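Worksheet: one structure, shown below.
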Amino acid sequence: MKTAIGVPAAAEFAPAFERYVARVRQVADPLGELSVQRARFLARLSPLTEEQAQFRYAPDKWSVKDLVGHLCDAERVFAYRLLRIGRGDVTPLPGFEESDYARAAGAHRRPFSDLLGEWSVVRDSTTALAASLPETDWSNTGTSNDAATTARALLYIILGHTEHHLAVLADRYGVR
């Protein structure tokens, strides 16, 4: 049975996330899109060599490896928020500083295949979590990073954040 999640309204997330939600607002089946996006992501990045994965389009920018590590960390954070809010927990959740996480992750020291494997496992976990939520819980609202956020919005943010970085990979790294 297909779950009717619905597209989040602007009031369901912080304005900073509009750029992510806008990228996937047309997605009618966000649960299915998690798997479709996973396959597209891996098809695009799996062919890269270790050397290509070290590429930075500017000296002070993330490498492809750093970007994949960032996607792992960010999706974990967003999925944790989805878990808490989806389960009805109204405890305010803090933000996180992505640059600090990326620096601490040390993705540049890891084999690229391990990073892709990790991202796949994180995405599979997100997919399982999202599939476990009953239709009634998608409208649950909590506070994340000092803003009201719904479970539904978090799912669209996860998808849109990945789409954002796929576009960055194409535009700035030449990974198409």
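Values in this text are rule-based calculations from the coordinates and carry no lab data. What you see is a predicted model, and the numbers here were worked out from it, not measured in a lab. Cβ atoms come from the backbone with ideal geometry, glycine included; neighbour counts cover every protein chain shown.
Some notes on this structure:
- Which of L67, L116, L31 has the fewest Cβ neighbours within 10 Å, and the rest in rising order: L31, L116, L67
- Whole-Hz Karplus values for the range 55-63 come out as 4, 10, 7, 8, x, 9, 9, 5, 7 Hz, taken residue by residue from phi with 6.51 cos²θ - 1.76 cosθ + 1.60 and θ = phi - 60°; glycine and proline positions read x.
- As a proxy for reagent exposure, ranking F41, F96 by other Cβ atoms within 10 Å from fewest up yields F96, F41.
- Listed residues R23, R109, R152, most fluctuating in the chain (Gaussian network, C-alpha, under 10 Å): R109
- Footprinting exposure proxy for D66, D89, D100 (fewest neighbouring C-beta atoms within 10 Å first): D100, D89, D66
- Selection of GluC sites (Glu not before Pro), the range 86-171, meeting DSSP coil and at most 10 other Cβ within 10 Å: E97
- Highest mobility in the GNM of the chain, judged by mean-square fluctuation with C-alpha springs under 10 Å and restricted to A104, A53, A14, is found for A104.
- Kyte-Doolittle mean at least -0.5 and Cα axial length at least 15 Å: DSSP H helices in the chain: 30-45, 64-86, 112-132, 151-173
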